[in-house]
Each structure stands twice: as structure tokens, then as C-alpha cells.
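In what follows, a single structure is set out as C-alpha cells and then discussed.
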Amino acid sequence: MQKIHTALLAALLATSSHSAPLTDAQQAVFEKLRGTIFIVPHRESADGKLEACGLEFSALSRDFSTKNGAPIKLVGSYYLRGRGEKMGVALKLGVFDDFNAPPTARPNKAFARSERGDAPSQVIPTRAENEGFGLYISGLDDSFMTTYQSILEKREFVIVFNRKPGQQDVPTRVDLTVEKTEIQGDEVVRTRSNAMVDSFVACTADLMK
């Protein structure tokens with residue numbers, strides 16, 4: 001996945017960072033690439049016991065809320081962790097304004113929701129192990145149930161973040177059927193599969209037993 005990701009970014013950013021407006025050529029390439037880049041399901045176990053089920057993701061989007069539509073890259077993971085009353089959601093997120101540089105400052109707040117769903121009732125932000133990334137913990141409330149339903153039925157969720165307290169939220173739809181993205185000649189080809197969601201759902205069923 002990293003080779004694909006690097007190739008895509010190189011094709012988009014052959015000249016400069018996003019601190020300056022994109023050229024017409026860059027705009028055209030970005031619009032072809034805009035959307036979900038990859039989804040990877042993951043099961044996490046310790047001492048032979050299943051402890052977490054996740055979906056790792058990357059997506060190219062635009063920030064119309066705080067950056068006048070400037071391109072951004074999101075990289076992160078969405079995990080259901082724990083068992084019983086200790087079960088919760090862990091969203092790790094890094095936001096890149098300049099794709100050739102480390103992630104921008106850690107978002108103030110971030111969460112996943114369904115397309116028209118509400119935010120979690122409580123989101124606890126903390127630092128992730130990756131520099132510039134944030135880790136955001138929430139419980140299994142009504143927001144989680146609608147998000148899980150969206151994963152199951154629509155095979156998508158929306159990642160939402162804000163940069164500073166009080167700033168407007170920046171939403172990005174993530175298509176969970178995109179296994180990988182490649183450039184073939186002048187075309188962007190997304191390989192789609194239901195396998196990633198199916199794996200996540202099967203894992204969560206095991207986790208909740």
C-alpha cells in the first residue's frame with residue numbers, strides 16, 4: 001500500500017506544496033485522485049485473545065471549512081476496542097496540508113459518523129504514537145450505532161475533524177469498498193471490494209461474543 005500511496009502523491013505534487021494555489025494541471029490530477037485511496041481491515045490480538053477490530057484508511061479531500069477548499073490528505077484508522085462495558089471506539093487521524101511534509105498540527109477534535117449522523121456524545125482527545133497524529137476515544141452511544149449501520153449497509157463513514165476549538169468541522173466521506181488506487185496511464189483506477197467491510201463486521205461479531 002505504501003508504494004501505491006507514494007506514487008499517487010508524487011504524481012500530484014511534482015512541483016510545490018499546498019501553501020500556494022494548485023496549477024490547472026495539478027487541479028486536474030488532484031480531482032482525478034480525490035476520494036478514498038485505500039482501506040485495510042485489521043484484527044488485533046494479545047495472548048491469543050482478540051482485542052480490537054479496525055479499518056485503516058487514506059483519503060484525499062478538500063477543506064472548504066477553514067482552508068478555502070485547499071487539498072488535504074487524511075490518514076488514519078478506526079478501531080472498535082475492548083470487551084463488555086470497557087468497549088469503545090478509537091479513531092487515529094493525521095491531517096496533511098502539505099503532502100511532502102509531516103502531518104499538520106494534531107486536530108483539536110475528530111470522530112467518525114454516518115452521512116447525516118450526530119457526533120459522539122463525548123470525544124476524548126489524546127496524542128497518538130505517530131508524530132502529528134491524534135487519538136480520539138468515544139463510547140458506544142447512539143452515534144456509534146448509526147456509524148456502524150452505515151459501515152454495514154452503505155459501506156462508508158464520514159471522518160470529521162476541526163483544527164482548533166470553536167472552528168468549523170471539516171468532513172470527508174470515506175468509501176470503505178476501495179481496496180487500492182492506482183494510476184494506469186492517464187486514468188485513476190480504484191479496485192473495489194466488499195471484503196474489507198465483511199472482514200471488519202466478522203471481526204466485531206467475534207469481539208462482541
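Taking other residues whose beta carbon is less than 10 angstrom from the beta carbon of G76, and scoring Lys, Arg as +1 and Asp, Glu as -1, yields 0.
Using just the helices of the chain, give the 222 nm mean residue ellipticity in deg cm²/dmol: DSSP H runs with n ≥ 4 each add -39,500 (n - 2.57), and the total is spread over all residues, rounded to 500.
Rounded to the nearest 500, the figure is -7000 deg cm²/dmol.
Projecting the Cα atoms of G132, L50, N100 onto the dipole axis of the chain, where Lys and Arg carry +1 and Asp and Glu carry -1 at the beta carbon, places G132 farthest toward the positive end. Bridgeable lysines around K49 (alpha carbons under 19 Å apart, same-chain partners fewer than 8 residues away excluded): K86, K209. Say we join alpha carbon atoms closer than 10 Å with springs in a Gaussian network model of the chain; which of S65, S143, S77 then has the biggest fluctuation? Of the options given, S65 has the highest mean-square fluctuation. Hydrodynamic radius of the range 30-73 by the Kirkwood approach over all distinct alpha-carbon pairs: 12.7 Å. In this structure, the amide hydrogen of N108, modeled 1.01 Å from its nitrogen in the peptide plane, lies closer than 5 angstrom to those of N162, R163, K164, counting only residues at least 5 positions away or on a different chain.
What shape does the chain take by its C-alpha gyration tensor, where a ≥ b ≥ c are the square roots of the eigenvalues and a/c under 1.5 counts as rounded, a/b above b/c as prolate, and the rest as oblate?
Details: a/c = 1.93, a/b = 1.44, b/c = 1.33.
Verdict is prolate for the chain.
Among 123-133, 108-118, 185-195, sorting by the average number of other beta carbon atoms lying within 10 angstrom of each residue, highest first, gives 108-118, 123-133, 185-195. In terms of surrounding Cβ atoms within a 10 Å radius of their Cβ, K164, K209 rank from fewest to most as K209, K164. Can you tell which of S77, I183, V29 lies farthest toward the positive end of the dipole of the chain, using +1 and -1 charges on the Cβ of basic and acidic side chains (Lys, Arg; Asp, Glu)? It is S77, whose Cα lies furthest towards the positive end. Shape analysis of the range 145-209 based on the Cα gyration tensor places the equivalent ellipsoid semi-axes at 24, 23, 9 Å, largest first.
Straight-distance candidates among the aspartates and glutamates for linking to K154, with alpha-carbon spacing under 16 Å and chain neighbours fewer than 8 residues away dropped: E115, D175, E179, D198. K32 sits among other residues whose Cβ lies under 9 Å from its own Cβ, and their net charge, with Lys and Arg +1 and Asp and Glu -1, is -2.
Each reported figure results from applying straightforward, stated rules to the coordinates on display, with no laboratory input. Since this is a predicted model, take the numbers as computed values, not measurements. Ideal geometry is used to build each Cβ from the backbone, glycine not excepted, and the neighbour counts take in all protein chains shown.
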